[in-house]
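Below is one structure, written out as structure tokens, with a few remarks after it.
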Amino acid sequence: QVQLVEFGGGLVQVGGSLRLSCAARGSIFSINAMGWYRQTPGKQRELVARIANGGSTNYADSVKGRFIISREYDKNTVYLQMNSLKPEDTAVYYCRLLTLGYVYWGQGTQVTVSS
């Protein structure tokens, strides 16, 4: 079983910063990619940032230049540093892990940006 445990959500003012972390625990033999998605009520879950095993990254256009994804391979942990936060960044953020063809999701953590 694989479990993703997320930390770091909360309430922040416009222009502020938050750091999300996600630790993968359990029987993990190989991780292909880890990433962060977000979802707001009535909308589909969308990619925020993704980091593949070789270190290549992808970002949503809306967060480029403001968010940074990183990973600690020996701890199976992925981070999302969010800077210059905007009200439109308000959402539930989910960690995602891809391993050997299987996808796992975290429980989600709320990020609220107040104006």
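The values are calculated or read from the model by the stated rules, or taken from the named source; none is laboratory data. Just so you know, these numbers come straight off a predicted model, no measurement behind them. With ideal geometry, Cβ positions are generated from the backbone for all residues, glycine too; neighbour counts draw on all protein chains shown. Calculation scope for accessible area: heavy atoms of the full protein, side chains included, ligands and nucleic acids excluded. Shrake-Rupley method; radii C 1.70, N 1.55, O 1.52, S 1.80 Å.
Scan the stretch 80-93 for residues that are closer than 15 Å to residue 114 by Cα and surrounded by 16 or more Cβ atoms within 10 Å (Cβ to Cβ) and report the count. Residues that pass the stated criteria total 6.
Say we look at the stretch 6-21 and pick out the residues that are among the polar types (S, T, N, Q) and outside any loop (DSSP other than H, G, I, E, B); which of these is nearest to residue 51 (Cα to Cα)? The selected residue is 21.
Can you tell me which residue within the stretch 22-51, out of those that are outside any strand (DSSP E or B) and closer than 18 Å to residue 91 by Cβ, is most open to solvent (accessible area, probe 1.4 Å)?
This residue is 44.
The set of residues in the stretch 94-108 being open to solvent by 30 Å² or more (accessible area, probe 1.4 Å), within 21 Å of residue 43 (Cα to Cα) and touching a residue at least 40 places away in the same chain (Cβ under 8 Å) consists of 94, 96, 104, 105, 107. Residue count for the stretch 52-79 under the criterion of being in contact with a helix residue (DSSP H, G or I) (Cβ under 9 Å, 6 or more places away or on another chain), open to solvent by 60 Å² or more (accessible area, probe 1.4 Å) and in a strand (DSSP E or B): the result is 0.
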